[in-house]
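Asks: Take this structure first; my questions come after.
Here, each number is a calculation from the coordinates, and none is a lab measurement. In this text, all values refer to a predicted model and were calculated from it rather than measured experimentally. Here the Cβ positions follow ideal geometry from the backbone for every residue, glycine too, while neighbour counts run over all protein chains shown.
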Amino acid sequence: MFGLNPLDKLLGLIGVYNQRFFPFSIILPVLLATSALVLTYYCFVRPGERSSKVMKIFLGILYGVAGLETFSAFLFGATDISYIVGAVIMWIFSTLFLLDIFWKETEFKLPHPKDLLIISLTLIVWGIFVYPLTEWLLGFTWPGMVFFGAECPSTIFTIGLLVGALPKVNKMLFALLSIGAIVSGGFFSFLGATFDIAYFASGVVGLLMLTKYRKIEVGYEGQSQ
């Protein structure tokens, strides 16, 4: 039913999910994408603890949904344990974002300098808008399409946010997200999901920017790390 290779099976499971929960499989990504845009704008124009807290709550919900979508594969016949592992990883990310409300390690803001601004906005726009467009242009059509709220586009968006927040980010969480993007994006790209090359690339860029801007310069909040 789902094809002979892992990519065909995955796209088949995604198709079952999208059809089984239609129209909510479309409504939910639209609601999440709209919320992401509104909250990103809020963090850019009103940076600080309050806007960052709201964004972390949203990201906690976003990765909670991503975990549920991954786990739902078992409801439709998947037997590969990697789907359970993937769901647990998404829920761990969800928990870490919620914990960062209390840790206060990440503060979302309008990115600067210019290279962070360009990279951050590119990844944010890619995760929300360009990812599904790329799927369609490459021949991956409904119902076997991934939308915002699933792991890949959601993480591209989130890495974009974290790049923009540098250097004040939860570095452990940022590194884990980036490594996960490299591993997962690289794996699915190798299987033939060429649209996930962007997912792989976002992880590489995330690690590079984290390495470059990992330290808080003297004068930023009056201290250095």
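Asks: Placing unit charges on C-beta atoms (Lys and Arg positive, Asp and Glu negative, everything else neutral), compute the dipole magnitude of the stretch 92-172 about its Cα centre in debye, rounded to 20.
Replies: Taking the Cα centre of the stretch 92-172 as origin, the dipole is about 220 debye.
Asks: By how many degrees, 0 to 90 and rounded to 10, does the Cα axis of helix 114-125 deviate from the longest principal axis of the chain?
Replies: Taking Cα atoms only, the helix is inclined about 30 degrees.
Asks: Across the stretch 97-106, in residue order, what do the Karplus-derived ³J(HN,Hα) couplings come to in whole Hz, using 6.51 cos²θ - 1.76 cosθ + 1.60 with θ = phi - 60° and x for Gly and Pro?
Replies: Residue by residue, the stretch 97-106 yields 5, 5, 5, 5, 4, 8, 6, 6, 8, 10 Hz.
Asks: Taking only C-alpha pairs under 8 Å that are 6+ residues apart, what is the relative contact order of the stretch 43-94 in percent?
Replies: On the way: 35 pairs, mean separation 21.2, N = 52.
After rounding, I find 41 percent.
Asks: By how many degrees, 0 to 90 and rounded to 10, does the Cα axis of helix 151-165 deviate from the longest principal axis of the chain?
Replies: 10
Asks: Per-residue ellipticity at 222 nm for the chain, helices alone: DSSP H runs ≥ 4 residues times -39500 (n - 2.57), over residue total, nearest 500 deg cm²/dmol?
Replies: Taken over the chain, the calculation gives -23000 deg cm²/dmol.
Asks: State which stretch of the chain is the longest one without any exposed GluC sites (Glu not before Pro), exposure meaning a DSSP loop state and at most 12 other Cβ atoms within 10 Å.
Replies: Formally, the longest exposed-site-free interval is 1-216.
Asks: At a threshold of 8 angstrom on Cα-Cα distance, excluding pairs fewer than six apart, so keeping six or more, what relative contact order does the stretch 6-212 reach in percent?
Replies: 23
Asks: Just one of (1) 44, 43, 39; (2) 70, 37, 28; (3) 60, 30, 29 is Cα extents along the principal axes in Å as worked out from the coordinates here. Which one is it?
Replies: (3)
Asks: Continuing with this model, one more query. Is there a quick way to get the dipole size of the chain? I mean about its Cα centre, with the Cβ of Lys and Arg at +1 and of Asp and Glu at -1; what is the value in debye to the nearest 20?
Replies: 500
Asks: Also, I was wondering about something else. For I84 and W142, FRET efficiency with R0 = 22 Å and r from the beta-carbon atoms, rounded to 0.05?
Replies: So, using R0 = 22 Å, E works out to roughly 0.25.
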